[in-house]
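Visitor: Take this structure first; my questions come after.
Every read-out reported here was derived from the displayed coordinates using simple, explicitly stated rules and does not represent laboratory data. Computed from a prediction, not measured in an experiment: that's the story for all the values here. Cβ placement follows ideal geometry from the backbone for every residue including glycine, while neighbour counts extend to all protein chains displayed.
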Amino acid sequence: MARVTALLPGLDIVTPRQPSLRGSQVGISFDKGYAVVQAMIERGVIGDFRAPDIMRFGFAPLYIRFQDVWDAADILAGCINAEVWRDPRFNRYLDVT
């Protein structure tokens, strides 16, 4: 969450900051979130989308390294800064995100 905030300070992280109040996922509100999640999946970061605007990313310490989390934040910032939602292929709603 700190890395995302550093890269994208205007993004709304909806997951509680206090560790005891959150599980193993981070939710981020973004109005073009569906397209961003689809673009990230294409780039190897598997996220999930919940309408109307929540991008969700899960973290399991047995499978995810610190470097993976760092890279995912960079990819998220890259997708948002590149405005990937303008690409029609990322706006095709699939049955599963």
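Visitor: Can you compute the radius of gyration and Dmax for the chain, using only the Cα atoms, both in Å?
Guide: Every Cα atom of the chain included, Rg and Dmax give 12.8, 39 Å.
Visitor: Determine the calculated [θ] at 222 nm for the chain from helices alone, applying -39500 (n - 2.57) to every DSSP H run no shorter than 4 residues and normalising by the residue count; nearest 500 deg cm²/dmol.
Guide: -10000 deg cm²/dmol
Visitor: Give the peptides 22-31, 71-80 in descending order of average Cβ contacts within 10 Å, highest first.
Guide: 71-80, 22-31
Visitor: Now, a different point. Could you line up Y63, Y34 from fewest to most neighbouring Cβ atoms inside 10 Å?
Guide: Y63, Y34
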